[in-house]
Amino acid sequence: MEEHDRIEDANWPGSLPTLRKQYITFSKADEEELPARIERLWYINPYGQEIRLAANPMVLNALNDAQAIVYSIGSLYTSIVPSIVLKGMGQAIDNPVIRYKILILNSTIDRETGPSTNPYTAIDFVAAIAKAGEESKGNSGPVERRTYRNYVTHLIHLQGPGTPAVDKDELKSLGIEAIRVYGRKNDGENFVRYDERGLIQALEVTMGKGRDPRMPSRRNTLEVPVR
């Protein structure tokens with residue numbers, strides 16, 4: 001029977017034991033680097049065939065009423081992109097009525113955004129989101145850089161050891177504003193973290209709902225001292 005279960009064609013769709021196994025416990029930080037960059041993500045059925053899943057209608061309705069979208073801190077290819085490639089998401093995000101589409105850039109590079117010899121930069125994160133949005137619409141070809149702003153209008157980032165490189169001028173040429181915030185370092189850590197107060201402040205200023213009292217005018221740096 002064990003040998004029988006290893007044969008995919010001998011099982012009903014979705015009943016293959018290896019497909020029912022839970023893969024919850026893992027650590028990207030402790031795993032070996034991938035030999036090359038991830039270029040694309042898609043869903044498959046139990047037979048290994050690519051499928052296109054539709055987004056939850058409640059999510060699409062929420063986006064239709066939204067004034068801002070925030071891509072929060074998280075794994076690019078296991079949190080953000082899987083949600084965007086769903087049918088309907090690209091069109092909903094591309095809605096020009098949504099004025100603020102803010103990417104909070106991760107503070108470190110992980111296994112998904114490596115390898116260390118060729119790590120993702122800020123523009124690569126933006127490109128991955130735009131590509132997922134276009135694939136959601138059924139467009140599988142190359143993504144023109146001028147479409148990046150349809151999915152990301154602002155980028156909030158840290159600067160310090162291990163943070164992804166950010167080219168403000170390149171982003172600006174694409175119509176994307178980069179806002180740098182200062183984070184904090186915990187004892188024993190060799191990387192910086194977002195400071196909660198500074199991040200909230202940056203989001204408020206970005207969306208025009210607040211202003212740093214130390215700032216005489218709008219600028220692209222919010223100073224929150226490292227602790």
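The values are calculated or read from the model by the stated rules, or taken from the named source; none is laboratory data. No experiment lies behind these values; they were computed from the predicted model shown. Positions of Cβ are backbone-derived with ideal geometry, glycine not excepted, and every protein chain shown enters the neighbour counts. Areas reflect the complete protein model, heavy atoms only, side chains present, ligands, DNA and RNA absent. Shrake-Rupley method; radii C 1.70, N 1.55, O 1.52, S 1.80 Å.
For the reader, a short list of remarks on this structure follows.
- Sites Arg52 and Glu144, calculated FRET efficiency, Cβ-Cβ separation with R0 25 Å, nearest 0.05: 0.70
- Contour excess over end-to-end distance, with Cα ends at Asn45 and Ala62 and 0.36 nm allotted per residue: 3.3 nm
- Full extension of the chain between Met207 and Lys185 gives 5.2 nm of extra length, using 0.36 nm per residue less the Cα-Cα distance.
- Two-site label geometry, Arg37 and Lys168: point separation in nm, points 7 Å out along Cα→Cβ: 2.4
- Mean Cβ count within 10 Å, highest first, over the residues of peptides 125-135, 100-110, 170-180, 59-69: 125-135, 100-110, 170-180, 59-69
- Under 5 Å between amide hydrogens, built in the peptide plane, is the criterion, and for Ile156 it picks out Leu103, Ile104, Leu105, Ile179 among residues at least 5 positions away or on other chains.
- Charge-dipole axis of region 84-195 as Lys and Arg at +1 and Asp and Glu at -1 on Cβ define it, positive-most pick from Thr163, Asn190, Ile84: Ile84
- Residues whose amide H lies under 5 Å from that of Met207, counting only those 5 or more places away or on a different chain, are absent; hydrogens are built 1.01 Å from N in the peptide plane.
- Note on surface exposure: Asp94, Asp187 rank Asp187, Asp94 by accessible area, highest first, 1.4 Å probe.
- The phi torsions of region 38-54, fed into the Karplus equation with coefficients 6.51, -1.76 and 1.60 and a -60° offset, translate into couplings of 6, 10, 7, 10, 8, 8, 10, 8, x, 8, x, 8, 5, 10, 10, 8, 8 Hz, rounded to whole numbers, with Gly and Pro shown as x.
- In sequence order, region 78-93 has phi-based couplings of 10, 10, 7, 4, x, 7, 7, 6, 5, 4, x, 6, x, 5, 5, 6 Hz under the Karplus curve 6.51 cos²θ - 1.76 cosθ + 1.60, θ = phi - 60°, and Gly or Pro positions carry x.
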